[in-house]
Amino acid sequence: MKTISIPLKLINLQDDGFHLLVEVVVFKQKHFAVVDTGASRSVFDKALIEEHLSETLQTSEEINAATLFTTTTTIQATIPELKIGKLKIKDYETVAFDLQSVSETYLQFGHPPISSIIGGDILWEYKAIIDYEKMELLLRK
């Protein structure tokens, strides 16, 4: 089993604690994602998914992703390739939420906008370890 080390970026959200960001590549573009160990699954920003996959989207009125963000409509989509560091995940089945307000909050604090949340599905499957001392995410494939 090969271990992949991915750098993390620690951002301070003033009185709301801190978040860990990791760089991801989707649709051949670099984006930042929040590493959220409390999210049951990973989600992507609705606008990003709609921009690239508008013909293949499915909507659902169910909430099938428990994260710190709530929604009434989820969009289901398949991302052809998701890269997290040197890890490549092909045909990643995801759901999309509107993450615009979260991105705007980040921008107000001088942080980069986010386009996704990396949650428990990916963290579990790739046996994630967060090394806070070295500020890296370790994934095994």
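The values are calculated or read from the model by the stated rules, or taken from the named source; none is laboratory data. These figures come from a predicted structure and were not determined experimentally. Backbone-built Cβ (ideal geometry, glycine too); neighbour counts: all protein chains shown.
Assorted remarks:
- Condition check for I130: out of contact with any Cys (no Cβ under 6 Å at 6 or more places or on another chain), surrounded by fewer than 17 Cβ atoms within 10 Å (Cβ to Cβ), under 24 Å from F18 (Cβ atoms) and at pLDDT 85 or above: yes
- Given (1) at pLDDT below 85; (2) more than 12 Å from V26 (Cα to Cα); (3) part of a helix (DSSP H, G or I), index of the condition L53 fails: (2)
- Scope region 75-110; condition at pLDDT 90 or above, more than 19 Å from K46 (Cα to Cα) and either assigned to a loop (DSSP other than H, G, I, E, B) or within 12 Å of the chain's Cα centre (by Cα) (or both); matching residues: I84, G85, K86
- Pairing each residue of region 77-102 that is over 12 Å from I122 (Cβ atoms) with any residue that is at pLDDT below 95 and assigned to a loop (DSSP other than H, G, I, E, B), provided the two are 6+ apart or on different chains, yields C-beta distances under 6 Å for A77/L57; V95/A65; F97/F69; F97/T71.
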